[in-house]
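Remarks on the structure that follows.
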Amino acid sequence: MVVRRPPGRRAQILAVAADRFHRSGYHQVSMTEVAAGVGITAPALYRHFRGKPELLDRAVRLGLDELAGGLRAAGTAEEVGAVLAAVAVGHRPLGTLVQRDARLLPPARRAALRRELRADVALMTAVLRAERPELPSADAELLCWSALSACAGLSYQSAAPQPRRAEALLRELVAAVLAVSPTGAAAEPEPEPELVPRSVPEPAAGPVPGPRPQARREELLAAAVRLFHQRGFDNVSTDQLGAAVGISGPSVYRHFDSKAHLLAASLVRSRERLWHEVDGAITAADGPGAALAAGLGAYVGFALRNGDYLGAMLSETERLAPPDRRAAVDFRRDFLRTWVGLLRQVRPDCDAAAARIRVHALFALVNDGVRNRPHSVRPDLEDCLLRLGRAVLGLS
């Protein structure tokens, strides 16, 4: 007797895996959980996919293949916007999988994904420069990467928006981003930008004169954010953390009970700084319009100085213990609520659903913009991000 597999089983598995990875983080999801979501056994799942890395790779590729196919057929900036919006809505987990989880793939696959994304942006850039020939190539690329990031922001919404409405709004956001005029002080092109930032050499461990427990603790917090962002929590040892501040690995435990405790403390400290800077700027401003402008300036300024924190917040929150993870999620929710409320005061025509899409687009655009080389080293990046931020928020 021949047992026939249901049609579309692989697609069903990939959809469930993408959703689970998106919601819980790659490390928190087992093959057994994916199999249960599909209604099959784990051994049956392994007949389709060899393991979690292949599942993640194929889930990402499914969305990127559709993106590439659509962009190859796009002949106008409006059509580019339609493709980006359709993929963002139809593959909502894709932004999270690419920005957070894809760095956990084997190096060869990460490199392949970077090449595919660069090829997609090259297609977009060619279309944009045909319509705006005055744009230098570097400026056009910045706008295209920014449009891609703004659409990926939809991935971070906790609740799925109404599809047609979300697509229409994302098309509007892409059009606004692609119409921005950067200042033109672009950096010279560099080699291929990283999907995940490159690691940087660590300073050699050495003797440090005199005990400085409080200063050492602060140094460890800063080093932890940087290393966890660059390499991932599981790929950073206490020896590496100690070496980054000039102490031995075991000495880290004089300041923190565990590596998990250090991760939690580093993210708490960074959240406090983010809230202090942004909320302080908003509170000091006179009126909603000035407050929104001040908040935007403060957020961009913080991002330019603290790209590692924003990257670690994105990639490592799921590695926190449950109580710490809940605190991080609560902070995100409160931070988002502040921006949504402020935007709706400035733009009464913008309902809560539209405001959330716009604010998520802003965060994604800025968070990516400060980390995506070579554009992250533009001397005018702050001004560019402010212009792009105003565009996605729909401000004149």
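For the stretch 77-108, a residue qualifies if it is open to solvent by 10 Å² or more (accessible area, probe 1.4 Å), free of Cβ contacts under 8 Å to residues at least 60 places away in the same chain and not in a helix (DSSP H, G or I), and exactly one does: 106. The residue that is surrounded by the most Cβ atoms within 10 Å (Cβ to Cβ), counting only those in the stretch 15-70 that are of a type in the set (Val, Ile, Thr) and either more than 22 Å from the chain's Cα centre (by Cα) or farther than 21 Å from residue 315 by Cβ (or both), is 34. Tell me, please, whether a residue that is more than 30 Å from residue 27 (Cβ to Cβ), open to solvent by 50 Å² or more (accessible area, probe 1.4 Å) and touching a helix residue (DSSP H, G or I) at 6+ places or on another chain (Cβ under 7 Å) can be found in the stretch 110-123. Within the stretch 110-123, one or more residues are more than 30 Å from residue 27 (Cβ to Cβ), open to solvent by 50 Å² or more (accessible area, probe 1.4 Å) and touching a helix residue (DSSP H, G or I) at 6+ places or on another chain (Cβ under 7 Å).
The set of residues in the stretch 155-171 that are at pLDDT 95 or above and either surrounded by 18 or more Cβ atoms within 10 Å (Cβ to Cβ) or in contact with a strand residue (DSSP E or B) (Cβ under 7 Å, 6 or more places away or on another chain) (or both) comprises 166, 167, 169, 170, 171. Among the residues of the stretch 376-391, those that are assigned to a helix (DSSP H, G or I) and either within 16 Å of the chain's Cα centre (by Cα) or under 19 Å from residue 294 (Cα atoms) (or both) comprise 376, 381, 382, 383, 384, 385, 386, 387, 388, 389, 390, 391. Confirm whether residue 364 is open to solvent by less than 20 Å² (accessible area, probe 1.4 Å) and part of a helix (DSSP H, G or I). So residue 364 fits the description; yes. Residue under question is residue 74, and the condition is that it be open to solvent by less than 10 Å² (accessible area, probe 1.4 Å) and touching a residue at least 12 places away in the same chain (Cβ under 8 Å); does it hold? No: the conditions fail for residue 74. Can you pull out the residues in the stretch 45-74 that are out of contact with any helix residue (DSSP H, G or I) (no Cβ under 7 Å at 6 or more places or on another chain) and farther than 23 Å from residue 109 by Cβ? Hit for the stretch 45-74 is 73, nothing else. Restrict the check to the stretch 63-80 and report whether at least one residue is out of contact with any Ser or Thr (no Cβ under 7 Å at 6 or more places or on another chain) and modelled with pLDDT under 90. Among the residues of the stretch 63-80, not one is out of contact with any Ser or Thr (no Cβ under 7 Å at 6 or more places or on another chain) and modelled with pLDDT under 90, which makes the answer no.
Scanning the stretch 280-309 for residues that are over 17 Å from residue 344 (Cα atoms) and more than 22 Å from the chain's Cα centre (by Cα) turns up 280, 281, 284. Residue 339 meets all of the listed conditions (1) surrounded by fewer than 19 Cβ atoms within 10 Å (Cβ to Cβ); (2) within 24 Å of residue 168 (Cβ to Cβ) but one, namely (1). Out of all the residues in the stretch 272-286, which are under 11 Å from residue 302 (Cα atoms) and either among the charged types (D, E, K, R) or touching a Ser or Thr at 6+ places or on another chain (Cβ under 6 Å) (or both)? Selection gives 273, 277.
In the stretch 216-317, counting only helices (runs of 4 or more DSSP H) that sit wholly within it, the ones holding 2 or more residues that are open to solvent by 20 Å² or more (accessible area, probe 1.4 Å) and within 20 Å of residue 334 (Cα to Cα) span 259-284, 288-305, 307-316. Filtering the stretch 318-332 to residues that are open to solvent by 40 Å² or more (accessible area, probe 1.4 Å) and either in contact (Cβ under 8 Å) with a residue 40 or more places away in the chain or touching an Asp or Glu at 6+ places or on another chain (Cβ under 6 Å) (or both) leaves 319, 321, 324, 327.
The values are calculated or read from the model by the stated rules, or taken from the named source; none is laboratory data. Just so it is clear, the structure is predicted and the values come from calculations on it, not from any experiment. Neighbour counts run over all protein chains shown; Cβ positions are idealised from the backbone, glycine included. In case anyone asks, the SASA skips ligands and DNA or RNA and just uses the protein heavy atoms, side chains included. Shrake-Rupley method; radii C 1.70, N 1.55, O 1.52, S 1.80 Å.
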